[in-house]
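The values are calculated or read from the model by the stated rules, or taken from the named source; none is laboratory data. The model shown is predicted, which means the values in this text are computed figures rather than measured ones. Virtual Cβ from ideal backbone geometry, glycine too; neighbours counted across all protein chains shown.
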Amino acid sequence: MAKVISIANQKGGVGKTTTAVNVAASMAATKRRVLLIDLDPQGNATMGSGVDKYDVENTCYELLIDDVPVEDVIITETTGKYHLIAGNADVTAAEIKLMEVFARELRLRKALESIQDKYDYIFIDCPPSLNQLTVNALAASDSVLVPMQCEYYALEGVTALMDTIEKLASVVNPNLKIEGVLRTMYDPRNRLANDVSEQLKRHFGDQVYRTVIPRNVRLAEAPSHGVPSMYYDKSSTGAKAYLALAGEILRRRNK
Ligand code: ADP
Ligand code: MG
């Protein structure tokens with residue numbers, strides 16, 4: 001059975017997409033069968049996987065709204081060696097049309113049922129809001145991974161997000177777990193980042209990943225080349241950190 005992990009934070013620019021693409025590639029590099037779902041209309045995870053978002057036949061829209069079978073929506077050729085369900089501006093329309101369909105919160109969950117045995121991990125890159133798309137992602141997931149930057153007020157934001165996730169989960173998915181909190185774009189020379197990091201560990205304990213994602217320009221450059229960072233610069237601190245994160249996710253699952 002696949003483990004389905006949503007990568008969510010209602011704040012934009014915290015490293016969701018970077019995490020989704022790089023953790024998917026790292027997990028695929030360990031010979032796991034991986035599917036990445038780009039549920040963000042910006043389509044950044046799609047482009048970062050070497051797939052042209054302007055030139056895809058099917059996206060999450062066809063999957064969620066048109067009942068196109070999931071096998072027909074999956075793209076099997078990506079630069080990260082994982083499979084992909086693409087996202088682009090069409091997915092904005094899906095968000096609106098979801099309002100009209102029956103059991104709208106459970107569309108993604110239903111759509112993924114038939115492929116649970118084909119993958120070891122399914123990662124979902126969520127949009128930067130708690131809209132109907134994110135609700136679909138959380139309803140379809142076993143757990144949620146929350147990337148965050150260690151900034152002032154970050155703890156407040158994440159605590160509020162966790163409360164919202166719990167409330168949502170109690171309605172659409174009572175089994176949803178917190179997979180972990182991931183510190184991203186971390187600069188150890190920044191005193192505030194260290195303070196926030198300590199607070200975070202006090203507050204969330206073992207839920208905070210030991211792996212920290214450093215601020216690393218290679219991670220920001222790789223998407224413009226349409227590849228995950230490990231295929232752009234394997235020796236970069238960013239690529240190594242995401243490989244370590246994949247290892248930590250695997251070990252947590254086995255515990
Ligand atoms: P989100 O999906 O949460 O909006 P992104 O993953 O798109 O966030 O990241 C926002 C921006 O920060 C992007 O330009 C990305 O390339 C850059 N970025 C993300 N993580 C890092 C990092 N660890 N080091 C440097 N730049 C990063
Ligand atoms: Mg994003």
message: For region 79-96, which positions are touching a Leu at 6+ places or on another chain (Cβ under 8 Å) and free of Cβ contacts under 8 Å to residues at least 40 places away in the same chain?
response: Ala94
Wholly enclosed helices (runs of 4 or more DSSP H) of region 1-71 bearing at least 2 residues in contact (Cβ under 8 Å) with a residue 12 or more places away in the chain and within 24 Å of Met162 (Cβ to Cβ): 16-29
query: Does region 235-244 include one or more residues that are over 23 Å from Leu84 (Cβ atoms) and either in a strand (DSSP E or B) or under 16 Å from the mean Cα position of the chain (by Cα) (or both)?
result: no
Matching option when the condition is farther than 23 Å from Leu168 by Cα and either acidic (Asp, Glu) or crowded, with 24+ Cβ neighbours inside 10 Å (or both), among Val56, Val21: Val21
message: Out of everything in region 143-164 that is among the polar types (S, T, N, Q) and modelled with pLDDT under 90, what residue ends up being nearest to ligand 1 (Cβ to nearest atom)?
response: Thr164
